[in-house]
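Structure first, then comments.
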Amino acid sequence: MIYKKDANFPYPVLSGRTNSYTENHFELDVNVNENVDYYYITISYEIESAFINNLIRNKKAELILIIQSKDNKFYRLAQGQEMVKIHKSRLSLGNRTSIQLHIQAKEQIPFALNEDLNDFYQQFKEEIQVPKFGLLGYSNVVIFDGSMKKPYDIFEKRLDEHLKSDIKIELGQETIIIHYKKEAYQFNHLSNSKILNNPYIYAGLTKALHTFIVNNSVDGDVDIDEIEEPSGALDLKLYHLMKSKKVTELNFDNVDEVIYSISDRIIEKYTTTLGEMVSHGN
């Protein structure tokens, strides 16, 4: 099973969600590629505990990749294995697929020499014995939406000559859609058209983040680290984008600051490009 919330165990377990270990960092990152027949799931992870790393190195513990979609699948990883190849007939990466990495004991593990435990467990660590096949640790959960070719692509451009305005920003189910009345407004005839669209990107992010606040708070303040993962696909993308950029708070007063944090200097790039074009007489 996948642990998305704090879980209680009769012994200390390594997890970023618990404080059983003084060095409790256990972070998983996942990249999914595919061809006609197979999924290729590439993983990278960081484990902060020297004790746990030593158990894995000495083959007293092993890593297990858990994939939860329509049902649970698990894959035991060989030492140093970074990619799992899965035939599509055996796995369906559907909506809201969850992926997590577990550490499982391959034999009974005494904790007497575990110096990574917090002060509370240090007092009686000699009494702790984790049984064979017991869970030693679990990582963060990575969400993959199988319906998205690029899960974190947020923007989409469309041309609509019947618009009653020059530009229209619409929030779709999975993307922020920028509608243009004329193709010329997209600057496609210029080599730096992408950067020249940055003001529209800014407007789209502003609208999407305002809606995110409405959808995910009762008082206008969103604690990104405390809220449950949003159910909407676009909100989920924005949530993971903010998490990856270390944004912890979102409210109507700091939307511009959040956009600055999650975007790649879009206003600076726009003004620099515009200045260069003027200086070159474009």
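The values are calculated or read from the model by the stated rules, or taken from the named source; none is laboratory data. Quick caveat, the model's predicted, so the values are computed rather than measured. Glycine also receives a Cβ, built like all others from the backbone with ideal geometry; neighbour counts cover every protein chain displayed.
General remarks:
- Being in a helix (DSSP H, G or I) and either of a type in the set (Lys, Arg) or under 18 Å from the mean Cα position of the chain (by Cα) (or both) holds for only one residue in Ile195, Ile259, Ile201, and it is Ile259.
- Against the conditions (1) assigned to a loop (DSSP other than H, G, I, E, B); (2) among the basic types (Lys, Arg); (3) under 24 Å from the mean Cα position of the chain (by Cα), Lys59 satisfies every one except (3).
- Pairs, first more than 18 Å from Glu156 (Cβ to Cβ) in the range 191-215, second aliphatic (A, V, I, L, M), C-beta under 9 Å, six or more apart: Asn192/Met277; His210/Val255; Ile213/Val222; Ile213/Leu250; Ile213/Val255
- Candidates in the range 59-82 are the residues that are exposed (fewer than 13 other Cβ atoms within 10 Å of the Cβ) and of a type in the set (S, T, N, Q); of these, the one that is farthest from Ser98 (Cα to Cα) is Gln79.
- Number of the exception - Val84 against (1) within 21 Å of Arg57 (Cβ to Cβ); (2) modelled with pLDDT under 90; (3) among the β-branched types (Val, Ile, Thr): (2)
Each row is one residue, and each column tells you yes or no for (1) under 28 Å from Thr271 (Cβ atoms); (2) surrounded by 15 or more Cβ atoms within 10 Å (Cβ to Cβ); (3) touching a strand residue (DSSP E or B) at 6+ places or on another chain (Cβ under 8 Å).
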| residue | (1), (2), (3) |
| --- | --- |
| Leu159 | yes, no, yes |
| Gly172 | no, no, yes |
| Tyr180 | yes, yes, yes |
| Tyr202 | yes, yes, no |
| Ala208 | yes, yes, yes |
| Thr211 | yes, yes, yes |
| Asn216 | no, yes, yes |
| Ile224 | no, yes, yes |
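- Residues being without any contact (Cβ under 8 Å) to a residue 24 or more places away in the chain and under 16 Å from Lys243 (Cβ atoms) - total across the range 218-228: 4
- Qualifying residues in the range 227-258 (those that are β-branched (Val, Ile, Thr) and either surrounded by fewer than 18 Cβ atoms within 10 Å (Cβ to Cβ) or not assigned by TED's automatic domain parsing to the domain that holds Leu209 (or both)) - the one nearest to Asn198 (Cα to Cα): Thr248
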